[in-house]
Amino acid sequence: MQKTDIKSMNESELSAFLADTGEPAFRATQLFKWLQSGVSDFDLMTDIPKKLRDKLKETCYIADVKIVKRLKSAADGTVKYLYELYDGEYIESVLMKYKHGYTVCISTQVGCRMGCGFCASGINGLYRNLTASEMLAQITAAERDNGIRVSNVVMMGMGEPLDNFANSVKFLQLVSDDKGINIGLRHISLSTCGLVPGIEKLKEYNFPITLSISLHAPFDDLRSSIMRVNKRYNISQLLSACRGYQAVTTRRISFEYALIEGVNDTDACAAELARILKGIMCHVNLIPANPVKENSFKKPDNNKILFFKSRLEAQGLNATVRRTLGADIDASCGQLRRKAKEGNV
């Protein structure tokens, strides 16, 4: 018998699920709080009757993650996790400390099908989608392991959130529930490589999240050479979807731009980037490219990065250079999982 993923249910769904077994509605509230707190064993739910706990153990499972590897940066305290899932697959997550609190970067898929040239996550393709419960488990595992409260989430780890649309939306609804983990949607960022239909669907929910667009090049031919998705949805289509999204949500959009030496760091790229983003309420996040052994990409030197930033600012764009965290522990997603699959962890 296939068991039910009970942690991916909201309180109303739990109420309906339990009603079929004759349980009173208040049991759903109790159960929801336990599940969202990160408890992964029905027997620890002390205010749930044993008879119901035994029934739930027979018919349901609680998604959790097992820490296989934990790396902590000596430089800034960033913690990189390699998690094992119930089926033996691996995902990665990163816990980062900022002045405003703790941020967790979570994965939304095992692997990725997008095939971006600078990213290690998709080198071996997509294995499967993560459930909403498996996304939640990455947060509660980090909180449990460090004895902290996470205040911010970035859906920017392994995978493409909009390629796992239903589970990503369910995660957003669950993580922001005031009876659950209760992280406000304004403290959550969702990063996409540019799946236009997904952006258009997402705007209908009008979530007050930060939408982050992995742009990385201002010219179609250049973007297509490093991001396969651009061959299907070009820059014009992507930016049109962004404008439509912003018209509904009124939220500022973040454009991610990985600076790659000799590829997209030219003065012409800076000028064109400023031109195409004109009129969009946005922020440009410049990211020095992470080296991946499967390609020859390198980050530009600091002077060139700062010059690129100044060129954008001169054209009226708000631009920052992302602070590098966890560089000494391979904190960029995909690298640790790949080592595990190769038997090197």
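Here are the numbers for this structure:
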{"quantity": "Residue among ARG232, ARG228, ARG252 that is farther than 16 Å from LEU162 by Cβ and basic (Lys, Arg)", "calculated": "ARG252"}
{"quantity": "Conditions (1) farther than 24 Å from CYS193 by Cβ; (2) surrounded by 18 or more Cβ atoms within 10 Å (Cβ to Cβ); (3) among the hydroxyl-bearing types (Ser, Thr, Tyr); number of the one not met by TYR90", "calculated": "(1)"}
{"quantity": "Filter result for CYS105 (within 20 Å of the chain's Cα centre (by Cα) and among the hydrophobic types (A, V, I, L, M, F, W, C))", "calculated": "yes"}
{"quantity": "Subset of region 182-208 that is in contact (Cβ under 8 Å) with a residue 60 or more places away in the chain and of a type in the set (S, T, N, Q) - its residue that is surrounded by the fewest Cβ atoms within 10 Å (Cβ to Cβ)", "calculated": "SER189"}
{"quantity": "Given (1) closer than 19 Å to MET281 by Cα; (2) more than 20 Å from the chain's Cα centre (by Cα); (3) surrounded by fewer than 16 Cβ atoms within 10 Å (Cβ to Cβ), index of the condition LYS179 fails", "calculated": "(1)"}
{"quantity": "Count - residues of region 56-77 that are free of Cβ contacts under 8 Å to residues at least 40 places away in the same chain and either touching a helix residue (DSSP H, G or I) at 6+ places or on another chain (Cβ under 9 Å) or crowded, with 16+ Cβ neighbours inside 10 Å (or both)", "calculated": "2"}
{"quantity": "Helices (runs of 4 or more DSSP H) lying entirely in region 229-345 (those with 1 or more residues that are modelled with pLDDT of 95 or more)", "calculated": "235-249, 267-276, 302-314"}
{"quantity": "Residue that is nearest to VAL153 (Cα to Cα), among those in region 205-228 that are in contact with a strand residue (DSSP E or B) (Cβ under 7 Å, 6 or more places away or on another chain) and either outside the structural domain of ALA289 (by TED's automatic domain parsing) or assigned to a loop (DSSP other than H, G, I, E, B) (or both)", "calculated": "ILE209"}
{"quantity": "Test: LEU190 is in contact with a Gly (Cβ under 6 Å, 6 or more places away or on another chain) and not in a loop (DSSP other than H, G, I, E, B)", "calculated": "no"}
{"quantity": "Qualifying positions in region 1-32 - at pLDDT 95 or above and of a type in the set (Asp, Glu)", "calculated": "ASP5, GLU11, GLU13"}
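The rows are residues; the columns are (1) at pLDDT 95 or above; (2) of a type in the set (Gly, Ala, Ser).
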{"site": "LEU56", "(1), (2)": "yes, no"}
{"site": "CYS60", "(1), (2)": "yes, no"}
{"site": "SER73", "(1), (2)": "no, yes"}
{"site": "TYR83", "(1), (2)": "yes, no"}
{"site": "ASP87", "(1), (2)": "no, no"}
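Quick grid of which residues meet (1) in contact with a strand residue (DSSP E or B) (Cβ under 9 Å, 6 or more places away or on another chain); (2) assigned to a helix (DSSP H, G or I):
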position	(1), (2)
ILE123	yes, no
TYR127	yes, no
ASP145	yes, yes
SER168	yes, yes
PHE171	yes, yes
GLY180	no, no
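The values are calculated or read from the model by the stated rules, or taken from the named source; none is laboratory data. Treat the numbers as computed from the prediction; the structure is a model and nothing was measured. Every residue, glycine as well, gets a Cβ built from its backbone with ideal geometry; the counts of neighbours run over all protein chains shown.
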